[in-house]
Amino acid sequence: MDVEAFRKAGYQAIDRICDFYYSLQERPVVPPVQPGYLLKQLPDAPPEEGEDWNVIADDYQKLILPGLTFWQHPNFYAYFPTACTFEGMLGDLYSTSTPNPGFNWTSSPACTELEMAMMDWCARLFGLADHFLNSSGTGGGVIQTTSSDSALVVTVAARSQYTRRHPDAKLEDLLLYVTTQTHSLGVKASLVLGLQCRVLDVKPEDEYALRGETLRAALEEDVARRKRPFFLIGTVGTTSSGAIDRLDEIGEVLKDYPDVWLHVDAAWAGVTLACPEYRDVSRLKDINTYATSVGTNLHKWGLVNFDAALLWVRSRTDLTDALDVTPEFLRTKQSEAGAVIDYRNWHLGLGRRFRSLKVWFVLRSYGVKGFQAYIRRCIELNEYFASLVKTSPSFALVTQPSFALTVFRVVADPTALGLPAPLGPDALNDLNRAFYARVSARGEIFLTQTQLNGTFCVRLAVGAERTRKEHIDRAWALIQEEAGIAVTLRETFDPSNERLRKRY
Ligand SMILES: *Cc1c(COP(=O)(O)O)cnc(C)c1O
């Protein structure tokens with residue numbers, strides 16, 4: 001493809017992307033395809049001769065688009081959102097037009113310096129303390145691929161810090177802590193590094209937040225059995241229910257255990273810190289006082305297209321002491337002089353994408369006010385949905401709404417079912433499974449299921465840029481309708497009747 005062919009193909013691509021966005025709402029949010037749908041349409045090997053671009057471009061429309069789940073769809077309420085803005089797309093387009101591995105300052109000065117600046121912009125946007133700023137010269141921020149990568153990187157750094165402080169420690173005695181509600185990134189880091197992980201209990205009456213006393217009891221027990229706790233992941237906004245760990249209590253406990261690194265995973269909810277009114281709930285003060293590192297994803301609920309996982313550390317040498325391997329050919333006079341950051345020593349790979357460009361585009365185009373308005377709108381829409389759930393006799397909130405997330409379930413009214421007593425926990429779980437299966441089979445809105453201490457529940461997370469009140473109203477109508485049918489069928493639902501049981 002030459003430059004002029006690219007110009008033509010590029011115009012066509014943008015046209016088609018725009019047409020796609022105009023038609024998005026009419027498309028199904030989840031593709032109605034079966035496993036293998038694409039594989040059976042693709043040849044086993046690449047073509048011998050190069051193909052015409054128009055054929056390739058048309059195949060994207062014909063084969064790929066129909067198999068995509070549209071996380072940008074206004075009816076997407078599953079998992080957590082994945083950000084998508086045109087500014088973000090343009091950032092990726094420009095960045096990929098001049099690819100470079102960006103591992104040190106010399107490999108493309110703009111990449112390093114823009115990332116340094118954007119991490120400071122975001123730190124200020126979120127109200128993080130000065131010690132997390134790159135301009136502090138001691139702490140700093142880096143863009144990782146995902147929050148899971150961030151967690152792995154800081155676990156490596158924490159392990160290295162611990163073993164430097166305690167050269168006698170045996171690796172098999174090292175212990176990291178997560179809770180039952182921590183994202184799988186904690187257990188994954190322990191698996192990858194071959195370290196032991198202890199999963200701490202959290203309680204429904206604490207809204208699934210880790211309390212200081214639970215942590216203290218675990219620390220005392222583990223230290224008594226000669227284990228070496230060195231790392232704890234606290235979460236602001238857990239994936240299942242948006243729970244926020246009691247970082248105030250945790251921070252106080254850790255004062256007695258200064259070797260334990262506290263990483264705060266705020267992958268989803270961290271962006272709420274952009275709004276001053278949420279800084280108390282999101283525990284900004286505790287993050288600034290106690291966290292050794294903190295991360296949030298702009299690519300989730302932060303308007304920047306995948307991927308852009310922000311990670312800040314209080315002390316940058318914690319990263320470089322663990323990860324700096326500088327062979328002769330990577331030495332530069334700028335980094336020897338300490339004038340610039342060599343980001344390759346702040347993550348696991350060598351090369352890295354130029355992600356800060358899309359962050360720059362998005363933050364400038366939205367401004368702080370636009371960013372805040374988007375976060376507030378999502379939270380308002382969720383509060384509206386939660387109010388509908390709360391006032392309905394057929395539904396109940398399982399936990400308090402958390403920012404833009406509602407966890408709810410059907411609560412069968414025994415009189416409506418002609419039953420003498422409320423359903424037991426298992427029957428109610430069955431009913432909710434039936435309800436969730438019905439909503440999912442409709443394919444019109446996309447929700448996810450979760451389990452909280454054995455309670456089957458359904459999550460609705462608002463976050464797509466295009467979701468408005470009318471979409472929430474539609475979702476609610478559909479939810480009520482399917483719950484109504486599930487409840488009615490439950491009327492004749494007899495656990496001993498295999499035929500009916502099979503329905504679900
Ligand atoms: C989504 C999520 C993650 C994982 O994010 P990745 O960037 O995909 O690794 C981690 N923690 C929480 C709380 C999340 O919501």
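The values are calculated or read from the model by the stated rules, or taken from the named source; none is laboratory data. Owing to the predicted nature of the structure, the values given are computational and were not obtained by experimental measurement. Note: ideal-geometry Cβ built from the backbone for every residue, glycine included; neighbour counts use all protein chains shown. Please note that ligands, DNA and RNA were not included when accessible areas were found on the heavy atoms of the full protein model with its side chains. Shrake-Rupley method; radii C 1.70, N 1.55, O 1.52, S 1.80 Å.
Quick rundown of the values:
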{"quantity": "Pair list, Cβ under 8 Å, 6 or more apart: segment 126-149 residue more than 9 Å from Leu311 (Cβ to Cβ) and in a strand (DSSP E or B), other residue charged (D, E, K, R) and more than 16 Å from the ligand (Cβ to nearest atom)", "calculated": "Gly140/Arg316"}
{"quantity": "Lone qualifier among Phe354, Phe371 - being within 21 Å of the chain's Cα centre (by Cα) and open to solvent by less than 10 Å² (accessible area, probe 1.4 Å)", "calculated": "Phe371"}
{"quantity": "Single match in Leu303, Leu232, Leu219 (criterion: open to solvent by less than 10 Å² (accessible area, probe 1.4 Å) and either part of a helix (DSSP H, G or I) or more than 16 Å from the ligand (Cβ to nearest atom) (or both))", "calculated": "Leu219"}
{"quantity": "Cβ pairs under 6 Å, 6+ apart, first in segment 75-87 and among the charged types (D, E, K, R), second outside any loop (DSSP other than H, G, I, E, B)", "calculated": "Glu87/Phe361; Glu87/Val362; Glu87/Ser365"}
{"quantity": "Contacts under 9 angstrom Cβ, first residue in segment 380-404 being surrounded by fewer than 20 Cβ atoms within 10 Å (Cβ to Cβ), partner of a type in the set (Asp, Glu) and not in a helix (DSSP H, G or I), 6 or more apart", "calculated": "Pro393/Asp413; Ser394/Asp413; Gln400/Glu207"}
{"quantity": "Those residues of segment 188-203 which are closer than 19 Å to Asn453 by Cα and either of a type outside the set (Asp, Glu) or in contact with a Pro (Cβ under 9 Å, 6 or more places away or on another chain) (or both), in sequence order", "calculated": "Arg198, Val199, Leu200, Val202, Lys203"}
{"quantity": "Qualifying residue in segment 159-173 (condition: free of Cβ contacts under 8 Å to residues at least 60 places away in the same chain, assigned by TED's automatic domain parsing to the domain that holds Arg226 and within 16 Å of the ligand (Cβ to nearest atom))", "calculated": "no"}
{"quantity": "Top-ranked residue of segment 274-291 - restricted to ones that are open to solvent by less than 10 Å² (accessible area, probe 1.4 Å) and within 16 Å of the ligand (Cβ to nearest atom), ranked as nearest to Arg164 (Cα to Cα)", "calculated": "Ala291"}
{"quantity": "Of all residues making up segment 165-211, the number that are more than 18 Å from the chain's Cα centre (by Cα), open to solvent by 60 Å² or more (accessible area, probe 1.4 Å) and polar (S, T, N, Q)", "calculated": "1"}
{"quantity": "Residues of segment 451-500 satisfying the condition of being aliphatic (A, V, I, L, M), modelled with pLDDT under 95 and under 24 Å from Pro393 (Cβ atoms)", "calculated": "Leu452, Ala483, Ile485, Ala486, Val487, Leu489"}
{"quantity": "Unmet requirement for Lys40, which otherwise passes all of (1) open to solvent by 80 Å² or more (accessible area, probe 1.4 Å); (2) not in a helix (DSSP H, G or I)", "calculated": "(2)"}
{"quantity": "Those residues of segment 446-467 which are small (Gly, Ala, Ser) and touching a His at 6+ places or on another chain (Cβ under 8 Å), in sequence order", "calculated": "Ala464"}
